[in-house]
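Q: First, the structure itself, so that you have it in front of you.
Just so you know, all these numbers are worked out from the coordinates, no wet-lab data involved. Owing to the predicted nature of the structure, the values given are computational and were not obtained by experimental measurement. Here the Cβ is made from the backbone with ideal geometry for all residues, glycine too, and neighbour counts use every protein chain on show.
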Amino acid sequence: MHSEIGIIGGSGLYDMEGLTGRQEVTLDTPFGPPSGPYVTATLRGRRVAFLARHGAGHRLLPGELNFRANIFGFKLLGVERILSASAVGSLRDDYKPLDIVVPDQFFDRTKGRISTFFGGGLAAHVGFAHPVCGELAALAVAAARDVGARVHASGTYVCMEGPAFSTLAESKTYRAWGFDIIGMTNLQEAKLAREAEICYTTLALVTDYDCWHPGHDSVTVDMIIGNLVANASAAQTIIAETVGRMPAARGCTCGRALEHAIITRPEHVPADVKKTLAPIIGKYLPTS
Ligand SMILES: [Zn+2]
């Protein structure tokens, strides 16, 4: 059950070739249940755990996701790195449908989503200037290039609330603000992974141009679904390749994100908070 690498995406992802020893693990967390069971397996000799972001049969809206439970569950499994895959719209001409973007920045346009493990008597502020793990992102970009994908090594992902797509005015504004792709889920995952000292990077799979594009109105559901299927297959290949290339030890600073982040004096942190968050903060604030 112990896993070193977490993978979040569509439920089709764990039908990939080369997975052995598949096992379903149902976890509960102090924040409630994750989106569904984790599927643990061995891939390229590494222990991985998959989670279908929107639950079995895609039942959960982005705003309904229990991001804390999803990330905490990975922490409980021992995961140190998370590779995420998700569909996005493109805000620029040269990021075309079927391209893959590995964003290096996020911009938050969500509303009222819980995006922290802290509070309740424990104040902590992690650095988030560079919201994805540079080391993991570079591995994913190189793997994507080597398997022949059209990949862009940077970009700003604007995370909108949804579930409806943008208005034309919003889409045009996001372009004017310099954003590159638009999605509804990745920002909270990145933020909570950072708090949990887990590396995070995402493969953003471009399914279509957002509504700013003059050709947008001629896009059919069939075209989007076709692109999603092709993208999911590319994502499987890239994920397997990235997993196979990961060095055993991390060379980045994600694993020390909380080292100087906790402000509350240890004797003032409530015992129940220390206990609840022990998998995350235990090495800094032991329970006894
Ligand atoms: Zn890292």
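Q: Using alpha carbon coordinates only, what is the Rg to Rh ratio of the stretch 1-113, with Rh defined as the Kirkwood radius? Kindly include the intermediate steps, with their values, before the conclusion.
A: On the way: Rg = 15.0 Å, Rh = 15.2 Å.
That ratio is 0.98, to two decimals.
Q: If you don't mind, there's one more thing I want to ask. Give, as ranges by residue number, the residues of the stretch 214-230 whose backbone N falls under 14 Å from the point 7 Å along Cα→Cβ of ASP93.
A: 214-215
Q: Sort 64-75, 119-130, 38-49, 251-262 by the packing proxy (mean of other Cβ within 10 Å over each peptide's residues), most packed first. Intermediate results must be reported in sequence, preceding the final value.
A: Details: 64-75: 22.9, 119-130: 13.7, 38-49: 19.6, 251-262: 15.9.
Ranked by mean Cβ neighbours within 10 Å, highest first: 64-75, 38-49, 251-262, 119-130.
Q: So what's the gap between the Cα centers of the stretch 54-112 and the stretch 246-265, to the nearest angstrom?
A: Distance between centres, Cα-based: 21 Å.
Q: Tell me, what is the Rg over Rh of the chain, with Rh the Kirkwood radius over Cα pairs? Mind dumping the intermediate values first?
A: On the way: Rg = 18.6 Å, Rh = 19.3 Å.
Rounded to two decimals, Rg over Rh is 0.96.
Q: Considering every pair of different Cα atoms, what Kirkwood radius, in Å, is found for the stretch 178-253?
A: Working: mean 1/r = 0.0658 Å⁻¹.
After inverting the mean inverse Cα-Cα distance, the result is 15.2 Å.
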